[in-house]
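J.: Below: one structure in structure tokens.
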Amino acid sequence: MTRDAALIDVQQLLKACAGKICENLRKQDAPMKEERKEGDMASELTQRIQKNPQYQDLTKRRDTLGRWLAVLVLIAYYGFILVIAFDKSLFATPIAPGMTTTWGIPAGFGVILLTVVVTAIYVRIANREYDRIIKEILDKEVQP
Amino acid sequence: MRAMMQGILRQGRIFKAIGPGLVALFAAILPGLAWAADVVGETQKQATNWTAIGMFVVFVGITLWITKWAAKRTRSAADFYTAGGGITGFQNGLAIGGDYMSAASFLGISAAVMATGFDGLIYAIGFQVGWPLITFLLAERLRNLGRFTFADVVAYRFQQVPVRIFAASGTLVVVLFYLIAQMVGAGQLIKLLFGLDYIYAVVIVGGLMMAYVLFGGMTATTWVQIIKACMLLGGATFMAFMVMLQYGFSPEKLFQAAVEVKKSGAIMGPGGFVKDPVSAISLGVALMFGTAGLPHILMRFFTVPDAKEARKSVLWATTWIGYFYVLTFIIGFGAIVFVSANPEFLDDKGVLRGGANMAAVHLANAVGGNAFLGFMSAVAFATILAVVAGLTLSGASAVSHDLYASAIKKGKATSQDELRVSKITTVFLGIIAVFLGIAFEKQNVAFMVSLAFAIAASANFPALFLSILWRGCTTKGAVIGGFIGLISALVMTVLSDAVWVAVLGHPKGSAPFPYSSPAIFSMPLAFLSIWIVSILDRSGQAEKERQDYEDQKVRSETGLGAFKAASH
């Protein structure tokens, strides 16, 4: 190796270092750019992940669960509103003869309780199961 | 620092120039006066309540001390917007509750229950049902895609400038209407509870809110919201407990006593709250989907480290908010029994002292004496502060992150510049809030909270929803459709009873838009517009955006490449 060639090597190394430092600085200051760059690099990875059967299964299951729970909430709430709009007397009926508590009370509290219960079901399944599957997928597909 | 001060001064000068013009404008377009359930209406000034003021001073002391601590940790834009991303799911759940449970809903809904019984519950449920949808559709996807504001998510694969301008408009309009309603409510409430003049009350709220956000950013705001949520939930629990204790924890006995006092069983069933089915469903749509489009709520999902914590936070929020509405209902019925028939709380004409919204406050006195009354008054004040701080932070982020850093500087602004702009905006918003609070003192602001929800449901939510879940959505579609939703919700509200008759003073029955909420029309209109404009968009840019959807989808589902919490 000649002296000049070695010098060029060192120059290139320095340039690369400077480039790296600049890039890091840019990363700190301009998050948008970093995002864009990651996006471009992810394309191939995206395709790999989308082909992963575990991923396909996960998104399908998660979408189905979310959709059914959302439909449940929509039916419960708009059903509640429609009863009030079209048949007020139904909710004004006592739950048992001689009682003051009407059907409207358990129905109303039922809707509130339902929102908490469905949220809890989804969050429990997602945090216990989905996150574990996602980690498995990423461990497999994202090579260091 | 000097640049910042100059900036503030410059802004101040502009403000002085346009200020009086704005007052005149608002005074001209918004005459009229009325009462409504969702904001605190006109009130009478009460004797100065030193217990309440003392407790409030303690609260302010603690929160300012936290702000001082938070200020040391707020060095970068990320600290300012997201508290460094290190908030836990449980803490964030409480803070979301603190953001969402306003004084207006505490006092307004308990008052509505006292007046109408079951109808108050219908209203409360509307505020509750949006949360599961946020969980299934948005929470983790938001966390995986965004960084500081919900616009980050909408703009993920779209052209930055138009989307940012749209999202910032959606944010600022919602924040401003919400903020005005809170400021006017704050002034009225504090006049009533503390016996302070309206103008001082508004200035104190504006000043403290500015201090929290300006110096402590998201860290201080979060802790103010957490403390407030604990105080509110604790106080309300005590009141509901004391009411139920009287009846051996039997709801049936409480209802019986309430019906006896009212001398009518009408409170146990639906009454006049739902007038026509269209209005009922429309209000339901606005409340349900509006919750999923409130910028200050969406922003909270960026303060947690990952999707798991984002889900936990929405579960805790749903639980606490649902529990809160149950308490509010019990408190309302307690007020029927202990307040509405008690001459101590009524004036000469047999009307509740201080106005209809005082139901919960008088009940606090009835079950816990003067010291507890002082405590609940301080809680109400703290509640307003926490809500307005969250709103201001969200508005400031829209200006500094979406407009300044992303649209104007194209992502090249330094963290320090961005931080400076957000602080200047905070000062500016604080001044605007105080000023509008004073300008609207005698106005009917009842429509503003429901308008904020309607706009959030018709502009922010459709754009966010379709950009995340529909591959075909394009920049043009999201921006044009979103603006159509925003403007149609605004116009229909102006043409409805709440503004046309109650505010503008047109004769009763002359409102061109016959329903009480526009959302059932404006939200589908926004969805339809986004869809049509997007499928008609055949440009190369649109094609690229559709291709980019795959990357976005994988990231939203897996969190791959999501922004990590900033470490200290």
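The values are calculated or read from the model by the stated rules, or taken from the named source; none is laboratory data. It should be emphasised that the depicted structure is a prediction, and the values quoted were computed from it without experimental measurement. A quick note on method: Cβ atoms are made from the backbone with ideal geometry, for glycine too, and the neighbour counts reach across all protein chains shown. Accessible surface areas use protein heavy atoms only, side chains included; no ligands, DNA or RNA. Shrake-Rupley method; radii C 1.70, N 1.55, O 1.52, S 1.80 Å.
J.: How do the helices (runs of 4 or more DSSP H) wholly within segment B:437-518 filter down when requiring 1 or more residues that are open to solvent by less than 40 Å² (accessible area, probe 1.4 Å) and over 23 Å from residue B:273 (Cβ atoms): which remain?
T.: Qualifying helices (runs of 4 or more DSSP H): B:461-469, B:475-494.
J.: Also, I was wondering about something else. If I filter segment B:299-354 down to residues being among the polar types (S, T, N, Q) and under 30 Å from residue A:114 (Cβ atoms), which single residue comes out as most open to solvent (accessible area, probe 1.4 Å)?
T.: B:319
J.: Being under 24 Å from residue B:547 (Cβ atoms), more than 7 Å from chain B (Cβ to nearest Cβ) and either open to solvent by less than 30 Å² (accessible area, probe 1.4 Å) or out of contact with any His (no Cβ under 7 Å at 6 or more places or on another chain) (or both) is the requirement here; does residue A:57 meet it?
T.: Answer is no for this residue.
J.: Also, quick follow-up: Considering (1) within 14 Å of chain A (Cβ to nearest Cβ); (2) free of Cβ contacts under 8 Å to residues at least 12 places away in the same chain, say which one residue B:369 fails and leave the rest.
T.: The number of the failed condition is (1).
J.: Exactly one of these conditions fails for residue A:91: (1) open to solvent by 10 Å² or more (accessible area, probe 1.4 Å); (2) among the hydrophobic types (A, V, I, L, M, F, W, C); (3) at the interface with another protein chain (Cβ under 7 Å from one of its Cβ atoms); (4) touching a residue at least 24 places away in the same chain (Cβ under 8 Å). Give me its number.
T.: With respect to (1) open to solvent by 10 Å² or more (accessible area, probe 1.4 Å); (2) among the hydrophobic types (A, V, I, L, M, F, W, C); (3) at the interface with another protein chain (Cβ under 7 Å from one of its Cβ atoms); (4) touching a residue at least 24 places away in the same chain (Cβ under 8 Å), residue A:91 is out only on (4).
J.: Looking at residue B:138, is it at pLDDT 90 or above and within 14 Å of another protein chain (Cβ to nearest Cβ)?
T.: So residue B:138 fits the description; yes.
J.: Now for a separate question. Is at least one residue of segment A:71-83 open to solvent by 70 Å² or more (accessible area, probe 1.4 Å), over 28 Å from residue B:285 (Cβ atoms) and more than 9 Å from chain B (Cβ to nearest Cβ)?
T.: no
J.: Still on this structure, I have one more. Can you tell me which residues in segment B:519-547 are open to solvent by less than 40 Å² (accessible area, probe 1.4 Å) and in a helix (DSSP H, G or I)?
T.: Correct list: B:519, B:522, B:523, B:526, B:529, B:530, B:533, B:534, B:542, B:545, B:546.
J.: Tell me the residue from A:115, A:102, A:119 that is buried (at least 18 other Cβ atoms within 10 Å of the Cβ), touching a strand residue (DSSP E or B) at 6+ places or on another chain (Cβ under 6 Å) and β-branched (Val, Ile, Thr), please.
T.: The unique qualifying residue is A:102.
J.: Yes or no: residue B:260 closer than 29 Å to residue A:86 by Cβ and out of contact with any Phe, Trp or Tyr (no Cβ under 6 Å at 6 or more places or on another chain)?
T.: Here the answer is no, as residue B:260 does not meet what is asked.
J.: Could you grab me the full set of residues in segment A:126-144 that are closer than 17 Å to residue A:60 by Cα and either facing chain B (nearest Cβ under 7 Å) or buried (at least 16 other Cβ atoms within 10 Å of the Cβ) (or both)?
T.: A:126, A:127, A:130, A:131, A:133, A:134, A:137
J.: Part of a helix (DSSP H, G or I), modelled with pLDDT of 90 or more, open to solvent by less than 10 Å² (accessible area, probe 1.4 Å) and small (Gly, Ala, Ser): is that true of residue B:374 in this structure?
T.: No.
J.: Within segment B:473-492, is even one residue free of Cβ contacts under 8 Å to residues at least 40 places away in the same chain and of a type in the set (Val, Ile, Thr)?
T.: Yes, because at least one residue in segment B:473-492 is free of Cβ contacts under 8 Å to residues at least 40 places away in the same chain and of a type in the set (Val, Ile, Thr).
J.: Considering segment B:116-133 alone, what residues qualify as being over 14 Å from residue B:285 (Cα atoms) and more than 7 Å from chain A (Cβ to nearest Cβ)?
T.: B:116, B:117, B:119, B:120
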